[in-house]
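Scroll down for the structure; my scribbles are underneath it.
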């Protein structure tokens with residue numbers, strides 16, 4: 001949909017880091033935005049196609065806070081896209097199964113993008129349904145990330161929104177994109193997000209996202225620039241929660257591609273606002289990756305959190321293999 | 001109106017359930033083998049038919065027009081031309097000369113204009129390739145499987161693999 005340049009912005013919610021995040025549920029699902037997934041498409045009929053991916057991960061850590069040292073099928077995602085050729089209407093439904101405990105209950109199953117879209121023109125579209133947040137340079141699905149973990153402490157995502165039911169209006173051109181999402185959060189006030197993106201200079205993507213919800217307020221600007229085989233990105237996230245917790249994160253990322261291989265180096269300087277017992281921290285990540293084919297990607301990651309206070313440093317290791325279909 | 005609303009989901013369920021008929025892996029492989037055999041048979045039958053048509057057409061031609069060339073090679077020539085014509089109508093992308101017009105940095109729309117729509121349009125996990133067009137088909141004359149690939153990044157061609165080319169085509 002509206003993400004003309006970058007992969008869809010999604011927060012991966014399928015690793016143990018995310019499970020940790022769930023335990024500290026200061027984050028509420030909120031706003032969002034639908035986008036196509038980075039998966040292949042299998043035509044079922046002229047109008048209906050299926051796509052998805054399998055994400056297998058091995059994780060290890062040296063601290064109790066990481067609660068890791070295991071291997072798992074982090075996610076199996078299956079999506080259906082209904083796009084009649086001569087119609088301005090289209091629909092997408094994505095099902096996400098997380099974990100490997102063979103329990104297909106509510107804890108392991110999520111709807112991701114489940115939307116109905118009306119394309120008024122090539123630029124302007126209207127969408128209703130379960131839509132993904134505009135927030136984040138780091139994508140929701142593993143397929144769009146430059147490494148395994150997220151930029152937050154212990155590899156947690158730092159965005160205040162994931163998927164939520166609402167409606168959005170999006171306008172996209174080659175040079176810029178703009179969008180507004182409004183959703184219901186069961187409170188008196190609505191939850192909403194605005195999204196502005198500039199892509200008018202080759203290689204450059206500059207985005208600004210503002211989210212306002214009865215439970216939080218988030219400001220999230222980020223810029224990425226691609227030159228030759230390099231990608232550079234800078235992201236800032238400022239969260240203020242209604243319970244008084246305040247967080248801010250600054251992330252710097254560099255990615256270098258050489259043929260089918262690549263390497264990511266990332267640094268985060270953040271204040272976690274006391275969540276998980278962490279205030280100020282720094283996170284360093286290095287992650288080599290290799291594309292075995294267009295639909296198979298493998299990567300390794302080493303990250304270390306340098307946390308102010310008694311927690312000290314926490315090492316984390318991950319190996320990931322993703323297969324799209 | 002209400003009745004219509006009821007009918008629609010029912011018809012959708014019916015069509016989905018017909019799609020979801022179970023087949024075992026063995027049955028599926030057998031079906032694939034049968035399709036392969038049918039395609040080969042069809043291709044060979046087509047060739048025979050074309051040959052007989054060409055023979056018939058040539059036999060009706062005055063002797064003076066076929067003089068200087070053996071009847072057999074003339075038939076082969078006619079058959080080859082008919083096959084090429086069929087190939088260029090059904091699979092324009094199989095014709096290598098069409099690929100001369102494809103250049104790096106072209107958009108996906110420009111590529112489709114030249115080669116026709118791809119058989120598969122898929123994204124790539126590679127961070128510097130985000131879309132892959134694949135054309136697949138069989139040579140009309142031989143039944144040989146042919147595949148061609150073009151990869152894009154930000155809607156610009158970055159890699160070209162014409163039919164029969166396994167490695168990226170470098171200009």
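When residue A:182 is tested against (1) surrounded by fewer than 22 Cβ atoms within 10 Å (Cβ to Cβ); (2) modelled with pLDDT under 95; (3) farther than 27 Å from residue A:318 by Cβ; (4) away from chain B (no Cβ under 14 Å), only condition (2) is not met. Condition check for residue A:272 on (1) within 14 Å of chain B (Cβ to nearest Cβ); (2) modelled with pLDDT of 95 or more: one failure, at (1).
Residue check: is residue A:305 surrounded by 15 or more Cβ atoms within 10 Å (Cβ to Cβ), without any contact (Cβ under 8 Å) to a residue 40 or more places away in the chain and either away from chain B (no Cβ under 14 Å) or touching a strand residue (DSSP E or B) at 6+ places or on another chain (Cβ under 6 Å) (or both)? In short, no. Of all residues in the range A:237-258, those being in a strand (DSSP E or B) and either within 14 Å of chain B (Cβ to nearest Cβ) or farther than 21 Å from residue A:154 by Cβ (or both) number 7.
Looking only at the range B:91-106, decide whether some residue is within 14 Å of chain A (Cβ to nearest Cβ) and either over 30 Å from residue A:232 (Cβ atoms) or assigned to a helix (DSSP H, G or I) (or both). Scanning the range B:91-106 turns up no residue that is within 14 Å of chain A (Cβ to nearest Cβ) and either over 30 Å from residue A:232 (Cβ atoms) or assigned to a helix (DSSP H, G or I) (or both). Screening A:281, A:258 for residues that are closer than 19 Å to residue A:147 by Cβ, crowded, with 16+ Cβ neighbours inside 10 Å and touching a residue at least 24 places away in the same chain (Cβ under 8 Å) leaves exactly one candidate, A:281.
Every test in (1) more than 14 Å from chain B (Cβ to nearest Cβ); (2) over 14 Å from residue A:152 (Cα atoms); (3) surrounded by 16 or more Cβ atoms within 10 Å (Cβ to Cβ) is passed by residue A:316 save one, and that test is (2).
The values are calculated or read from the model by the stated rules, or taken from the named source; none is laboratory data. Nothing here was measured: the structure is a model prediction, and the numbers come from that model. Here Cβ is always computed from backbone atoms with ideal geometry, including for glycine, and neighbour counts include all displayed protein chains.
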